[in-house]
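In what follows, a structure is listed as structure tokens, so that the remarks can point back to it.
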């Protein structure tokens, strides 16, 4: 994967010797009688991801967060199986090596997968990389093209049809995210009710069915060192089968630009795309439409829903922090981020919405 790792955060370590023994027992290529080094990937706020090194062998371990979990969330078996089936058709996904449902090992199910090489572009560019407008435009274009490539995979041929229910997909998504908010609610935010009602009352028809990553954004990609191409697509925990424009909307929801309102920049915390050269959302949509051949007429709806969905994801994390289930200090101000994002979604609706 990439080298941007940290020491394991307090409270998020596991029984390293138990994992080492399990790997040696179940994977022939893992060296025996070698110590295991563990580092943690700091990005991501949901499932926990660790770099494992035993001699010359390396891999990545993923496990659910600590504490009580929402129903059906953080399903390691499903995520591992999804990657296993998708990898032959879309090799940008890491290849899974094994899944472990024996909770006596670390107290939770986990899986171990291939370590992909590349760099993450998150809130700053990697050191030593020369960046200009052409580079930023190229990053934008390869991101769009990778999303189109994913949506071109024949999910039925890949054996992924059972991983989603396309009929009524969008309605279930809207209703499901409204319910998730209610389960994780901590503060009273009036905008939530009006946005929820609008989303339910204005559902567009879904015309196509594809693989949906469901969290396709720049910092879930690994890029080549010169930033010219995508080398891996990560974080498949919410992947499903459904409406490709839903996926496009999610991506656009993270795509914050230099002329966006300050409240959006403060909430999404992705200032890298405000750098000159990154495609505007309109250019992003146009390139996707041209490359995929899809009608993107209703993209305003999907983008508004993306802001709502992102607010709920942040709320779920804030709920866990407030309940003491995670100590990560990054989550302290997530309640304000939820409020700002819900209010922005309501404002978009009031103004008629535009990308």
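The values are calculated or read from the model by the stated rules, or taken from the named source; none is laboratory data. Owing to the predicted nature of the structure, the values given are computational and were not obtained by experimental measurement. As a convention, Cβ positions derive from the backbone with ideal geometry for all residues, glycine included, and neighbour counts pool all protein chains shown.
What to note about this one:
- Test: residue in the stretch 45-63 that is in contact (Cβ under 8 Å) with a residue 60 or more places away in the chain, more than 27 Å from residue 164 (Cβ to Cβ) and either touching a helix residue (DSSP H, G or I) at 6+ places or on another chain (Cβ under 9 Å) or in the same structural domain as residue 235 (by TED's automatic domain parsing) (or both): yes
- Screening residue 276 with (1) over 21 Å from the mean Cα position of the chain (by Cα); (2) modelled with pLDDT of 95 or more; (3) over 20 Å from residue 199 (Cβ atoms); (4) not in a helix (DSSP H, G or I) gives one miss only, at (2).
- Members of the stretch 64-100 found to be touching a helix residue (DSSP H, G or I) at 6+ places or on another chain (Cβ under 8 Å) and either at positive phi or modelled with pLDDT under 95 (or both), listed by number: 64, 65, 67, 70
- Failed condition for residue 262, given (1) modelled with pLDDT under 95; (2) under 24 Å from residue 126 (Cβ atoms): (2)
- Odd one out for residue 211 among (1) more than 13 Å from the chain's Cα centre (by Cα); (2) at pLDDT below 95; (3) surrounded by 14 or more Cβ atoms within 10 Å (Cβ to Cβ): (2)
- Total residues in the stretch 1-25 satisfying the condition of being surrounded by 13 or more Cβ atoms within 10 Å (Cβ to Cβ), touching a strand residue (DSSP E or B) at 6+ places or on another chain (Cβ under 6 Å) and not in a loop (DSSP other than H, G, I, E, B): the figure is 2.
- Matching residues in the stretch 2-34 - criterion: being under 24 Å from the mean Cα position of the chain (by Cα) and farther than 16 Å from residue 63 by Cα: 2, 3, 4, 5, 6, 7
- When 85, 78, 62 are checked against the criterion of being surrounded by 14 or more Cβ atoms within 10 Å (Cβ to Cβ) and either touching a strand residue (DSSP E or B) at 6+ places or on another chain (Cβ under 6 Å) or assigned to a loop (DSSP other than H, G, I, E, B) (or both), a single residue qualifies: 62.
- Residues that are over 22 Å from the mean Cα position of the chain (by Cα), in a helix (DSSP H, G or I) and at pLDDT below 95 are absent from the stretch 222-240 altogether.
- Each residue in the stretch 140-177 was checked for being part of a helix (DSSP H, G or I) and free of Cβ contacts under 8 Å to residues at least 40 places away in the same chain, and 5 of them qualify.
- Among the residues of this structure, residue 129 counts as one that is out of contact with any helix residue (DSSP H, G or I) (no Cβ under 6 Å at 6 or more places or on another chain), modelled with pLDDT under 95 and surrounded by 13 or more Cβ atoms within 10 Å (Cβ to Cβ).
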